[in-house]
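Comments concern the structure below.
The values are calculated or read from the model by the stated rules, or taken from the named source; none is laboratory data. This is a predicted model, so every value here is computed, not measured. Counting neighbours? That spans all protein chains shown, and the Cβs are built from the backbone with ideal geometry, glycine included.
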Ligand SMILES: C[S@@+](CC[C@H](N)C(=O)[O-])C[C@H]1O[C@@H](n2cnc3c(N)ncnc32)[C@H](O)[C@@H]1O
C-alpha cells in the first residue's frame, strides 16, 4: 500500500473492469456487469484500487468486500459512497481476504470421472478452500432426472445437466481417505468465513447461496481436513500420508488461474511425479500442453492426467458435456 501507481496502471485497471463486465458478468449477472462498467469510469474508485497491490484490484474481490461491509451487493452509488466514507476499512478487508469461491456443484462434474476409477479412492484436492468440493460422495445428484443418492441424506442435491454420454454411475465411489490443501483454508464452521464465501457469489445467480449454506453445513458434520500449504511445495508431503490400498487421486477446480504459466508447468511435474491419477477441472488453456476441443471461452474442461480431455463443463457445475 502507498506505492504511487502511474496513470497507465489505472487505465489497465479500468480495462480489466470493462473486460470483466463484458466477458465474465454479461449474461450471468447484470448487476455486476453494470457495477464493473461503472467502476471503469469512476476516477475515485480507480484511485482507491491503484493504492492496493495489483493482485488485490480484481472485481471479484472488490465486489465481495463491498457486499461484506454493506450487507447487500453494491450498486454504483453505494460502492462509490463506501470507497469515499469507509475506504480504509474496505482496503483492510481486501488485503486480508482472497477470492476463494467454493462451488460444491462442481462435484457433479468430477463425480463421473472419479467413479470410473478403481476404488476405494484416496482424494487430495489442491486449492480446496473450505473443503466443499471434497465431499463428492456425501452429496446427492440429479443429472436431468437420473438421480444418485450420496451418503449423507441431509446433504444438498447437485443438479447438473448431462450432455452426451456422461458415464453417470449407479452409486457414489467409495472414499477411503480425503484431504485438502490450500494457501488459506477456510473453516465451514466459522460464520465469518461462510459469510465471506457467500459474499463471493454474484447477484442474479439462482440457487448458489442455498447450496453454499447446505454444503457448509455438510462440511461441518463431516469435519474434512484442509491443510494449509502451497500446491507446489506441500503436495508431495500430503500425498505421502495417503493410505495404501486405494487409488490416489489429486484433483482441482478453478485453481490454476491463480498460478502463472511457469508455476502451472512446475505443478504438472509435481503431480506427475506422484504417480497419482490427476483430474483438472479448469478454464481452457490452463492445463499445460492440452489440446482443447472447440468451445466457449467460459467453459471449463475436465482433463485426466494432463492429456485426456474428458469433458467440457459449466464453470459452476450446472452442466457437463462428455467428450471422450
Ligand atoms: C476459486 S477457489 C476454488 C475452490 C474449489 N476448488 C472449488 O472448485 O470450489 C481457488 C482456491 O485455490 C487456492 N489456491 C490458490 N493458489 C494456491 C496455491 N498455490 N496452493 C494452494 N492453494 C491455492 C485459493 O486459496 C482458493 O481457496
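For the reader, a short list of remarks on this structure follows.
- Candidate set from segment 265-292 (those that are surrounded by 22 or more Cβ atoms within 10 Å (Cβ to Cβ) and more than 21 Å from residue 103 (Cα to Cα)); member that is farthest from the ligand (Cβ to nearest atom): 271
- Subset tally (residues that are more than 15 Å from the ligand (Cβ to nearest atom) and free of Cβ contacts under 8 Å to residues at least 24 places away in the same chain) for segment 244-264: 1
Table: residues versus (1) within 12 Å of the ligand (Cβ to nearest atom); (2) more than 23 Å from residue 257 (Cα to Cα).
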position	(1), (2)
55	yes, no
80	no, yes
96	no, no
112	no, yes
140	no, yes
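- Answer residue from segment 195-241, given it is within 19 Å of residue 251 (Cβ to Cβ) and more than 15 Å from the ligand (Cβ to nearest atom) and is nearest to the chain's Cα centre (by Cα) among those: 222
- Flag if residue 77 is farther than 30 Å from residue 241 by Cα, free of Cβ contacts under 8 Å to residues at least 40 places away in the same chain and in contact with a helix residue (DSSP H, G or I) (Cβ under 8 Å, 6 or more places away or on another chain): no
- Summed over segment 169-194, the residues that are more than 16 Å from the ligand (Cβ to nearest atom) and not in a strand (DSSP E or B) give a count of 8.
- Of all residues in segment 84-107, those satisfying the criterion of being closer than 14 Å to residue 67 by Cβ, more than 11 Å from the chain's Cα centre (by Cα) and in contact (Cβ under 8 Å) with a residue 24 or more places away in the chain are 90, 93, 94, 97.
- Scanning segment 21-62 for residues that are part of a helix (DSSP H, G or I), in contact (Cβ under 8 Å) with a residue 40 or more places away in the chain and either assigned by TED's automatic domain parsing to the domain that holds residue 315 or closer than 15 Å to residue 200 by Cα (or both) turns up 24, 25, 31, 32, 35, 59, 60.
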